[in-house]
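S.K.: Handing you a structure now.
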Amino acid sequence: MPDEILTPPPSAHVPPTGVDARPPSVTGRPPGGGLLEDPSGMTDADRTSAQAAASQAAQAKASQAVWAPLATPTFRMLWLIWMAANTCMWMNDVAAAWLMTSLTTSPVLVALVQSASTLPVFLLGLPSGALADILDRRRYFIVTQFWVAAVAVVLCLAVLSGYMTPYLLLGLTFANGIGLAMRWPVFSALIPELVSRQQLPSAMALNGVAMNASRITGPLLAGAIIASLGSAWVFVLNAVLSVVSALVLIRWKRQHADSPLGRERLPSAMRVGVQFVRESPRIRAVILRTICFFFQSTAVMALLPLTAQRLHVGSESGAGTFTLLLASMGAGAIIGATLLPRLRQALPRERLVFTGICVQAVATVGVALAPHLAVAVAGMLLAGMALIATANTLGVAAQMALPNWVRARGMSIYQMSIMGGTAIGAALWGQVASVTSVQTSLITAAICGVISMALVQRLSSDRQMEEDLSPSKAFKAPTATMAPEAGRVVVTIEYIIHPGRTEEFRRLMQESRRSRMRQGALGWSLLHSMSQPEHFVEQIIDESWTEHLRRFDRVTASDVALRDRKLSFHVGDSPPLVTRYFADTP
């Protein structure tokens, strides 16, 4: 929270409890205070008010419908691009996974295709998110599409030339994953710009629908192309779709507002993003749950090619069986998306997440022990429903815990938790399968997932008080007669606290520390005078004068409320004294 100390506004007058300020003719209540059960006995004013309330409730319900955000043209355009991008991703993953089974029989190398696809997001998600926060998001999105197209062309040439090897395939799959690492944070940061807060859960669910509809169309297209033309032509189609998506984005006229303070430096932007997540209990709780869920759920996906080979009947290749199982999971996710509004109303967030991982575990065991293909298809349908419900719940919770200025960085760290859990899980469960069996690996993953989520839920509850993260201009940026061009800035704020309230004040100042650090401060400390027990000094260190000014652009309504709570402890005759210093660089 920036350090401009302002006198809090006086409290608004509140009528005495139990007094109805409206005249009797407007309240529409009989003298005894009972409600009129007969609508015909309502006054015209009450009837109009009731109709307006009913209309607003109907509009609110309609805005929360799963398909409502598609009425916004820009969101619809980006959603179609996102579906095309995910279709390319699934086609690439299917083609790469099946190509690997033709190059080697090693379960570890087959499972590492999944790791190579997702590991770049774990490694590069943070710098990508920082770039998406400090650059023009539209242009950055365009670059990601051309990157994916270029990698697809190289994959195609390697296959056609006959030079493809297992390790080259892993390397190129990793390069394609870099494109995913680049585009995911920027797309996530664009969503709240296009829809209202009420529609955000539905918009996130639609993104899940796009992901899982592409889970159907991508494998179906890839399977058909592999069977008729060969794997190389899958990569050709990927390149074409990526270029077309980039051209559509070029036509989008989004206005990018540059900060008057200039662009953040990439290392500083990354540091601030990490600090925000580290100092936010809400987003930390979301990330822990996300790692647990995807660490377990990735097992069924990573080992699906081997499961398909086990269940396939006939002398032909099992590409069709593999495609059917993938498509079944996608269909289950779409069904689950349509049920999400009811699920969110029926279950609180923590219970919905735990229920999701339990259902996912049951589905994983069902696929592992399936005696024939029909049972495995049912298991994949159930796994898809659990995946969309749990991932949507976690994704919405992450979005709600992030202000706009750090959204791409925060969502990139959230995505890193997804891909980190997925990559580590895929490698581990692949290794377990190579030592034991595919069935044993899947059952072990299911059991471990439920146990780990139960522990996380118990040790790290996310039932935090909801913060109002809407931007606030309550604090005015300071001016300096000697603004330094370089060097750190040190700010001190002096409080006078009644000795009987010092412990309570210390606890509140820990919230202040988290707030300062979330907004980019380099250091924080609370000093207590040895000779004057009532005298406290809050000290904040900023990386530079420019970074100090940036914190004033990051103030939220929650920060203003925290400032007012701190001022309520101050008993001095004048407001707390704020002093700014800068350190000369040697």
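S.K.: Please list, in order along the range 564-579, the HN-Hα scalar couplings obtained from phi with the Karplus expression 6.51 cos²θ - 1.76 cosθ + 1.60 (θ = phi - 60°), rounded to whole Hz, x for Gly and Pro.
M.R.: 5, 5, 5, 5, 5, 8, 6, 10, x, 6, 10, x, x, 7, 9, 10
S.K.: Calculate the length of the line joining the C-alpha centroid of the range 548-583 to that of the range 248-277, in whole Å.
M.R.: 26 Å
S.K.: If amide hydrogens are placed 1.01 Å from N in the peptide plane, which non-local residues have theirs closer than 5 Å to the one on Thr556?
M.R.: Here Ser472 satisfy the definition.
S.K.: Could you tell me which chymotrypsin sites (Phe, Trp or Tyr not before Pro) in the range 181-255 are loop residues by DSSP with no more than 13 other beta carbons within 10 angstrom of their beta carbon?
M.R.: On the way: sites: Phe187, Trp233, Phe235, Trp252; in loops: Trp252.
Counting only loop positions with at most 13 other Cβ atoms within 10 Å, the chymotrypsin sites (Phe, Trp or Tyr not before Pro) in the range 181-255 are Trp252.
S.K.: While we're looking at this one, here's another question. Taking 7 Å along the Cα-to-C-beta vector as the label spot, tell me the Val108-Ala477 distance in nanometres, rounded to one decimal.
M.R.: 5.4 nm
S.K.: If you roll a 1.4 Å probe over the range 430-586 with all protein chains in place, what percent of the accessible area is carbon or sulfur?
M.R.: 56 percent
S.K.: Using θ = phi - 60° and the Karplus relation 6.51 cos²θ - 1.76 cosθ + 1.60, list the HN-Hα couplings for the range 377-388 in order, rounded to whole Hz, with x at every Gly or Pro.
M.R.: Calculated HN-Hα couplings, in order: 4, 4, x, 5, 4, 5, 5, x, 5, 5, 5, 5 Hz.
S.K.: Could you pull out every residue, at least 5 positions away or on a different chain, whose amide H is within less than 5 Å of the one on Leu135? Hs are placed 1.01 Å off N in the peptide plane, and Pro or chain starts have none.
M.R.: none
S.K.: Given labels modelled 7 Å from the Cα in the Cβ direction, how far is it in nm from Val362 to Thr579?
M.R.: Result: 6.6 nm between the two label points.
S.K.: Provide the packing ranking of 488-494, 264-270, i.e. peptides ordered by the mean count of other C-beta atoms within 10 Å per residue, highest first.
M.R.: In descending order of packing, they fall as 488-494, 264-270.
S.K.: A follow-up question, please. Accessible area of His372, 1.4 Å probe, to the nearest 10 Å²?
M.R.: About 100 Å², rounded to the nearest 10.
S.K.: Which residues' amide hydrogens lie under 5 Å from the amide hydrogen of Leu577, considering only partners 5 or more residues apart or on another chain, with H built in the peptide plane?
M.R.: Amide H neighbours of Leu577: Glu494.
S.K.: So, one more: Could you compute the net charge surrounding Ser452? Neighbours are other residues with a C-beta less than 14 Å from the C-beta of Ser452; K and R count +1, D and E count -1.
M.R.: After counting each charged neighbour, the total is +2.
S.K.: In what order, largest first, do Met517, Met91 sit by accessible area if the probe radius is 1.4 Å? Walk me through the numbers before you get to the answer.
M.R.: On the way: Met517 20, Met91 0 Å².
Descending order: Met517, Met91.
S.K.: How do the peptides 145-153, 504-512 rank, highest first, by the average count of neighbouring beta carbon atoms within 10 Å per residue?
M.R.: Highest to lowest by the protection proxy: 145-153, 504-512.
S.K.: Whenever you get a sec, line up Arg278, Arg183 from highest to lowest accessible area (probe 1.4 Å, protein heavy atoms).
M.R.: Largest accessible area first, the residues go Arg278, Arg183.
S.K.: Loop only per DSSP, at most 11 neighbouring Cβ atoms within 10 Å: give me the GluC sites (Glu not before Pro) in the range 278-377, ordered by residue number.
M.R.: Qualifying residues, ordered by number: Glu316.
S.K.: What list of ³J(HN,Hα) couplings, whole Hz, do you get for the range 187-198 from phi and the Karplus terms 6.51, -1.76, 1.60, once you set θ to phi - 60° and write x for glycine and proline?
M.R.: Going residue by residue, I get 5, 4, 6, 6, 4, x, 6, 9, 10, 6, 4, 5 Hz, with x marking Gly and Pro.
S.K.: If you roll a 1.4 Å probe over the heavy atoms of the protein chains, what accessible area per residue do you get for the range 328-371, in Å²?
M.R.: Dividing the accessible area of the range 328-371 by its residue count gives 43 Å².
S.K.: If packing is taken as the average count of other Cβ atoms within 10 Å, what order do 101-113, 329-341, 160-172 fall into, highest mean first?
M.R.: The packing order, highest mean first, is 329-341, 101-113, 160-172.
The values are calculated or read from the model by the stated rules, or taken from the named source; none is laboratory data. Keep in mind the model is a prediction, meaning the values are calculated, not measured. A quick note on method: Cβ atoms are made from the backbone with ideal geometry, for glycine too, and the neighbour counts reach across all protein chains shown. Surface areas here come from the heavy atoms of the whole protein model, side chains and all, with no ligands, DNA or RNA. Shrake-Rupley method; radii C 1.70, N 1.55, O 1.52, S 1.80 Å.
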